[in-house]
Structures are given as C-alpha cells and as structure tokens.
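The values are calculated or read from the model by the stated rules, or taken from the named source; none is laboratory data. Fair warning: this is a prediction, and the values are worked out from it, not measured in the lab. With ideal geometry, Cβ positions are generated from the backbone for all residues, glycine too; neighbour counts draw on all protein chains shown. When the accessible area is computed, the model is the full protein with side chains, heavy atoms only, and any ligands, DNA or RNA have been set aside. Shrake-Rupley method; radii C 1.70, N 1.55, O 1.52, S 1.80 Å.
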Amino acid sequence: MQRTTLNEWLQWLEGLHVTTIDMGLERVRKVWHAMQLQPTFPVIMVAGTNGKGSVCAMLSTMYQRAGFKVGCYTSPHIQHYNERVAIDLKPVSDERIIKSFAAIDAARGDTSLTYFEFGTLGAMHSFIEEKVDVAIMEVGLGGRLDAVNIFEPDVSVVVSVDIDHAAILGDNREDIGFEKAGIYRPGKPAICADPQPPQRLLDHAAVIGADLKLLGRDYSYSRMDNQWSFQMGSARRHALPMPALRGGYQLGNAAAALAVLDCLHERLPVGIGALKQGLVEVEWPGRFQVLPGRPVVVLDVGHNPHAVKAMVASLRQLPFAENRYAVFSMLADKDLAAVAELAKDEFDGWFVAGLDMPRGQSGTGIAAQLNALGIGKVRAFEDVASAWQAALSAAGENDRITVFGSFHTVAEVLEARRQRT
C-alpha cells in the first residue's frame with residue numbers, strides 16, 4: 001500500500017510491530033547502523049520520571065535565542081505527532097517526517113520496529129538532514145533500553161527518579177535509577193538533578209567512569225524573592241528571572257538546564273542575555289498550564305504520584321477559587337489510588353471520564369475506584385469531552401477547573417475547546 005500522508009504512515013506504524021513497547025536496542029541499533037545515523041553535532045540526552053520535557057523546552061529556547069539551530073525530540077505528543085520533532089521550537093512539517101519515515105522503511109529490510117523506535121530514528125534523521133547545531137533527545141521510558149539510547153550523548157541528564165512504569169522498570173527507586181543511569185557515558189558529563197539520587201545510579205556512574213554532576217555537590221541554586229541564582233564550580237549566575245513555566249519545581253529543572261549549558265559552553269556558548277530570554281520565554285503546553293479567561297482552567301498531563309504531588313503544591317499557590325473541579329481520567333496501568341490520595345482534598349467535585357484506547361478504562365470504573373477511596377461528588381462520563389462540557393456548565397467565573405491524569409485527557413479537552421471556537 002502506498003502511504004502518502006502522515007496519518008497513513010502513523011496508522012501503518014501502529015500495526016508494524018507485535019507489541020507497543022518492546023524494550024531492547026538490538027533491532028533499532030541494526031537499522032541505525034544500516035542508515036549510518038551519525039550526528040556531527042552535540043547530542044543532549046534527558047531522562048527522568050518527571051521534568052524531562054520541561055528541561056528539553058528550556059534548553060531548546062535558550063539555545064535558539066543564542067542563535068543556534070536546535071532540534072528537539074520529545075514524547076508523547078498532546079495533539080499532533082509533529083510536536084515530537086521540533087526544529088527551532090517549531091514542529092516540523094508532515095513532509096519532513098514522511099521523508100524520514102520513508103528512509104527508515106527503505107533501510108530496515110525485514111527488521112520490525114515499534115512506533116516509538118521508528119519515530120526516534122526519524123527524529124535524528126530529520127535533524128541530520130536539516131543540519132541542526134544541537135539535538136536534544138528526551139528519553140521515552142527508562143533509559144538503558146530506550147531507543148534514544150542508541151545515540152551517543154555529549155551530556156546526559158537524569159532530572160528525577162520516582163516510580164512509574166513499574167511493571168517495566170521496577171517498583172522501587174533503586175531499580176528505576178539504575179535504568180535511567182543507562183544514558184550516562186564514560187568520561188562524559190552526567191547530570192543528576194534529583195536531590196536524593198538512588199545509590200544504584202551513583203554506583204553505575206562510578207563503575208563506568210562518568211563525569212557525574214550532582215545537585216547540591218557540583219552545582220546548586222537558591223531563590224531570593226522573584227529572582228534566583230545558580231552556581232556550578234567557579235561559574236556563578238545571579239539575578240536570574242524565574243522560569244515562565246509554572247510550579248516551584250521548575251527552578252530545579254531550570255538549574256539542570258543551566259548545568260547542561262555550562263558543560264557544553266565551549267562548543268555551544270550561550271550569553272547571559274539569551275539565557276535570561278530563554279527562561280522568560282519558554283513554553284511547554286500541558287505542564288501546569290493556566291489558560292486565560294474565567295473560570296480558571298489548569299491543564300496538567302501529570303499521571304503519576306510524583307507529578308501529581310507537584311501539581312497539588314502548585315494549585316495551592318493559585319488564588320482562591322470558590323469551587324474547585326477536576327476533569328480526570330487515567331490509563332488502567334497507572335497508580336490511581338496513590339494519585340487520588342494526593343489530590344482528593346483539592347477538589348469539590350470530580351468529572352471523570354473513560355478513555356477509549358488500549359490501557360484505557362471506563363468513566364464508571366474510575367468513579368467506582370474514587371468512591372471506594374472515600375471521595376464523594378464524583379460524576380462519571382463516557383468520554384472526556386462530555387466530562388469537560390459538564391464541568392464548564394457547573395463552573396462559575398470564580399471557580400477553577402483542573403484537567404489532569406493523562407496526556408490523552410488534556411489532548412481531548414484541547415480538542416473540545418478547539419471545536420467550540
């Protein structure tokens with residue numbers, strides 16, 4: 001079948017491999033070698049349970065403002081696949097992605113690739129073809145066996161380590177930390193922004209001889225009113241503006257990004273003006289994003305306890321709302337009980353919905369779980385759009401609606417908003 005549109009390619013990719021997730025590098029490395037995808041520009045690899053997308057967004061913006069041509073690969077997307085592959089902060093065209101997909105398909109022979117593996121190779125192919133100055137690659141899942149890890153990073157960052165994807169990565173921070181430390185390389189800067197790094201991460205970095213940079217030991221940051229400062233070795237940066245991304249935890253993400261800048265300063269120098277401009281102008285949709293207008297609407301793709309704990313802390317910093325509503329849905333393999341326990345006191349009413357997709361669950365099933373946890377005022381809906389419309393109908397201009405629980409939940413609300421305009 002001739003595939004002429006990006007949607008046709010994506011539909012074909014969804015059925016190409018027997019499983020959606022197939023950890024291991026043997027198959028993707030075989031295709032990578034056949035394509036000879038050897039970047040001549042610096043590669044920055046970013047892993048973490050949460051925060052990695054924000055770090056990628058900050059780095060992309062600062063490097064772009066400094067005049068470099070920046071490639072950035074992130075996942076998953078919220079609304080359009082093109083969001084995953086950006087050059088100079090803009091999603092690449094359908095045509096660019098199709099060209100890369102066609103090149104991969106021609107090179108792979110009978111080697112089967114997952115959707116994510118195909119996309120990862122495609123992103124790097126696009127960056128090489130478009131001659132970027134730097135590529136920022138977000139790890140999709142874990143690190144050691146993630147497809148992104150076939151490339152050789154010049155700097156690697158582990159932003160945070162907490163429990164998510166437990167069935168694949170392990171059910172404790174030590175095992176998960178080891179998996180994420182798999183992106184570190186001998187002799188190369190290896191940043192860990194988690195304030196309590198797992199011992200297995202530290203041990204792995206020591207065994208391979210990575211140049212480990214730890215928060216609190218090798219670099220630090222401090223906040224003073226509406227400014228902050230950063231220190232790494234003899235480098236000190238004072239009177240920095242607060243990041244445009246909301247949430248107190250974003251300072252830690254910003255510090256990790258500045259640590260990367262310092263590690264690559266000789267190859268990719270970024271002046272203080274571009275650095276400050278990047279902090280002020282960075283955008284990362286769906287990560288505690290507060291939309292303009294009333295009622296106040298907060299979009300957050302948080303879907304694990306670590307992310308939802310941060311979301312709750314940020315909600316408590318917002319102005320008073322008379323009524324606080326949640327539009328909520330989660331995939332079945334996520335820890336709904338832990339998330340609900342963290343968020344239950346933040347909402348006066350819940351509008352919960354089903355997700356019609358693999359790993360999805362019904363709105364009535366989610367409602368039953370919330371009720372069993374002692375959470376009342378829960379209304380169940382078949383889909384997110386219906387839950388969103390009901391929440392809008394219930395909310396007054398002095399109320400707040402928080403949409404969270406999954407990338408899919410946020411995406412469906414954004415689509416419902418788009419259709420209304």
| remark: Share of accessible surface on carbon and sulfur in the chain, whole %, 1.4 Å probe and ligands ignored, is 49 percent
| message | As an exercise, identify the trypsin sites (Lys or Arg not before Pro) in segment 217-289 lying in DSSP coil whose Cβ has no more than 14 other Cβ atoms within 10 Å. | response | 217, 267
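Only Cα pairs under 8 Å and at least 6 apart count here; give the relative contact order of the chain as a rounded whole percent.
Working: 848 pairs, mean separation 62.1, N = 421.
This gives 15 percent for the chain.
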| note | Total charge of the residues flanking residue 204 in space, meaning their Cβ is under 15 Å from its Cβ, with Lys and Arg +1 and Asp and Glu -1, is +1
| task | With a point put 7 Å past each Cα toward its Cβ, work out how far residue 129 is from residue 110 in nm, to one decimal. | result | 2.8 nm
| task | Give the percent of DSSP beta bridges with both residues in the chain that are antiparallel, rounded to the nearest 5. | result | 35 percent
| Hey, got a sec? Which GluC sites (Glu not before Pro) in segment 248-351 land in a DSSP loop and have at most 16 other Cβ atoms within 10 Å? | 266, 283, 322
| query | Expressed as a whole number of Å, what is the distance separating the alpha-carbon centroids of segment 299-325 and segment 190-259? | reply | 24 Å
| Shape call for segment 304-396 from the C-alpha gyration tensor, a ≥ b ≥ c root eigenvalues: rounded (a/c under 1.5), prolate (a/b greater than b/c) or oblate? | oblate
| In nm, what is the difference between 0.36 nm times the number of residues separating residue 22 and residue 313 and their Cα-Cα distance? | 101.3 nm
| message | Which chymotrypsin sites (Phe, Trp or Tyr not before Pro) in segment 232-338 sit in a loop by DSSP (not H, G, I, E or B) and have at most 14 other Cβ atoms within 10 Å of their own Cβ? | response | 320
| note | Rg/Rh of segment 23-113 (Cα atoms, Kirkwood Rh), to two decimals, equals 0.98
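Mind checking the per residue accessible area of segment 98-219 for me, 1.4 Å probe, whole number of Å²? Can you show the working numbers first?
On the way: 4270 Å² over 122 residues.
On a per-residue basis, segment 98-219 sits at 35 Å².
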| task | Just the number, please: percent antiparallel of the DSSP beta bridges in segment 32-176, rounded to the nearest 5. | result | 30 percent
| query | Considering only DSSP beta bridges whose two residues both sit in segment 214-316, what percent are antiparallel, to the nearest 5? | reply | 95 percent
| Where a Cα-Cα gap under 18 Å defines reach, which lysines qualify for residue 131, not counting those fewer than 8 residues away within the same chain? | 69, 90, 99
| message | How large is the convex hull of the C-alpha atoms of the chain per residue, in Å³? | response | 144 Å³
